[in-house]
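*Asks:* The structure is given below, and queries will be raised subsequently.
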């Protein structure tokens, strides 16, 4: 049996220059923008380790002013509670087993109810604290939630329980990032048709990031900013409010090798890029094992020492190659921005057939360095 290592490489000071700079001041700016433009209370969505930005540090940076947080599951919520976060936390997927209800009560969590089996488990439970529940309607997303024709009955069952103190009505948009698509209006209409027949007033949560920025007339007492919190636009086209977002993450590294190649020489695996003229090639300590997309095309934008350049050749596991030909001052040790304020993550993602959500969530191995200035 092989002996285990006496240490973890994660505890060794980072020597490789690849890193993700996290601007917590920009994070707070984006949260305030969400609350300002919506005129509503806002749950900061920090699921999936705050979309790769670090859930604990992001929640700590926001807690003094956040109305609460939203995560996917109880494991993510408990990480925040163990770090000392006392603000409300909503479990967006609710619970997966009835046995979780004891932990949910102990840590004073809110949770979404989206399925009949969850409703039945709540009816059987005997919690010692009043519950705050969010009842989800499937208004057209068709993942989870009660269908409109079943929603009022599910709500009535919750209201009949003495241990349910508050129910927030919610749904989720499937195509709010498409501003010329009628699907969002159809979902709002389906939701409002049910709500108008309830005979009493409830707090409502409908708007996610594209809903906050692109659908100002949609009713919401609570909003759920996610991708916009991290400074990336949810839209493919320019949008005046999205333009006010500030990137929170800057993925950067350095040039670690330089070589000159004559015209006709290939660069990287598979010889995808072949030099049409003499080129000066820089090798950067960054690859798909760090989360940079392997399918970034030739010409994908990067900035070197604050000046624009491009990717040349396929991205490798640990390295990628860039064009230094027209940057005579660049060389060993030059700073390379892979995405951030100069290279929007949404622009790179679009070139790679992806979305900024995936770029951020795929980040790994790269240490995060936080700034709050």
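*Asks:* Would you mind finding the one in 286, 312 that is in contact with a strand residue (DSSP E or B) (Cβ under 8 Å, 6 or more places away or on another chain), farther than 18 Å from residue 18 by Cα and buried (at least 23 other Cβ atoms within 10 Å of the Cβ)? Don't jump to the end; show me each part of the working.
*Replies:* Values: 286 fails: farther than 18 Å from residue 18 by Cα.
312 is the lone residue from the list that is in contact with a strand residue (DSSP E or B) (Cβ under 8 Å, 6 or more places away or on another chain), farther than 18 Å from residue 18 by Cα and buried (at least 23 other Cβ atoms within 10 Å of the Cβ).
*Asks:* For region 223-230, state whether one or more residues are part of a loop (DSSP other than H, G, I, E, B), under 30 Å from residue 329 (Cα atoms) and touching a residue at least 24 places away in the same chain (Cβ under 8 Å). I'd like the intermediate steps shown before the answer.
*Replies:* Taking region 223-230 and keeping what is part of a loop (DSSP other than H, G, I, E, B), we get 224-226.
Those still in the list that are under 30 Å from residue 329 (Cα atoms) too: none.
No, region 223-230 contains no residue that is part of a loop (DSSP other than H, G, I, E, B), under 30 Å from residue 329 (Cα atoms) and touching a residue at least 24 places away in the same chain (Cβ under 8 Å).
*Asks:* Continuing with this model, one more query. Can you tell me which condition residue 243 does not meet? The list is (1) under 19 Å from the mean Cα position of the chain (by Cα); (2) surrounded by fewer than 17 Cβ atoms within 10 Å (Cβ to Cβ); (3) at positive phi, and all the others hold.
*Replies:* (3)
*Asks:* Same structure again: Select from region 62-78 the residues that are in contact (Cβ under 8 Å) with a residue 40 or more places away in the chain and buried (at least 24 other Cβ atoms within 10 Å of the Cβ) and list them in ascending order.
*Replies:* Kept after step one, since they are in contact (Cβ under 8 Å) with a residue 40 or more places away in the chain, are these residues of region 62-78: 67-68, 70.
70 - this is the single residue of region 62-78 that is in contact (Cβ under 8 Å) with a residue 40 or more places away in the chain and buried (at least 24 other Cβ atoms within 10 Å of the Cβ).
*Asks:* Could I ask something else about it? Pick from region 259-280 the residues that are in contact (Cβ under 8 Å) with a residue 24 or more places away in the chain and more than 39 Å from the chain's Cα centre (by Cα): which of them is surrounded by the most Cβ atoms within 10 Å (Cβ to Cβ)?
*Replies:* Per the criteria, the residue is 278.
*Asks:* Additional query: Every residue in region 16-61 that is in contact with a helix residue (DSSP H, G or I) (Cβ under 9 Å, 6 or more places away or on another chain), farther than 21 Å from residue 91 by Cβ and without any contact (Cβ under 8 Å) to a residue 60 or more places away in the chain, please.
*Replies:* 28
*Asks:* Next question. Would you point out which residue out of 311, 302, 256 is touching a residue at least 60 places away in the same chain (Cβ under 8 Å) and outside the structural domain of residue 49 (by TED's automatic domain parsing)?
*Replies:* On the way: 311 fails: touching a residue at least 60 places away in the same chain (Cβ under 8 Å); 302 fails: touching a residue at least 60 places away in the same chain (Cβ under 8 Å).
Step by step, each of 311, 302, 256 is checked, and only 256 is touching a residue at least 60 places away in the same chain (Cβ under 8 Å) and outside the structural domain of residue 49 (by TED's automatic domain parsing).
*Asks:* Of these, 330, 345, which one is touching a residue at least 60 places away in the same chain (Cβ under 8 Å), under 15 Å from residue 257 (Cα atoms), in contact with a strand residue (DSSP E or B) (Cβ under 8 Å, 6 or more places away or on another chain) and outside the structural domain of residue 52 (by TED's automatic domain parsing)? Walk me through it before giving the result.
*Replies:* On the way: 345 fails: under 15 Å from residue 257 (Cα atoms).
Step by step, each of 330, 345 is checked, and only 330 is touching a residue at least 60 places away in the same chain (Cβ under 8 Å), under 15 Å from residue 257 (Cα atoms), in contact with a strand residue (DSSP E or B) (Cβ under 8 Å, 6 or more places away or on another chain) and outside the structural domain of residue 52 (by TED's automatic domain parsing).
*Asks:* For region 98-115, which residues satisfy the criterion of being free of Cβ contacts under 8 Å to residues at least 24 places away in the same chain and farther than 17 Å from residue 170 by Cα? It would help to see each step written out before you state the result.
*Replies:* Restricting attention to region 98-115, the residues satisfying the condition of being free of Cβ contacts under 8 Å to residues at least 24 places away in the same chain are 99, 102, 106, 108, 111.
Within region 98-115, 99, 102, 106, 108 meet the criteria.
*Asks:* Which condition from (1) within 30 Å of residue 177 (Cβ to Cβ); (2) modelled with pLDDT of 95 or more is the one that residue 364 breaks?
*Replies:* Single failed check for residue 364: (2).
The values are calculated or read from the model by the stated rules, or taken from the named source; none is laboratory data. Note that the structure is a prediction, hence the values are computed from the model and not measured. Glycine also receives a Cβ, built like all others from the backbone with ideal geometry; neighbour counts cover every protein chain displayed.
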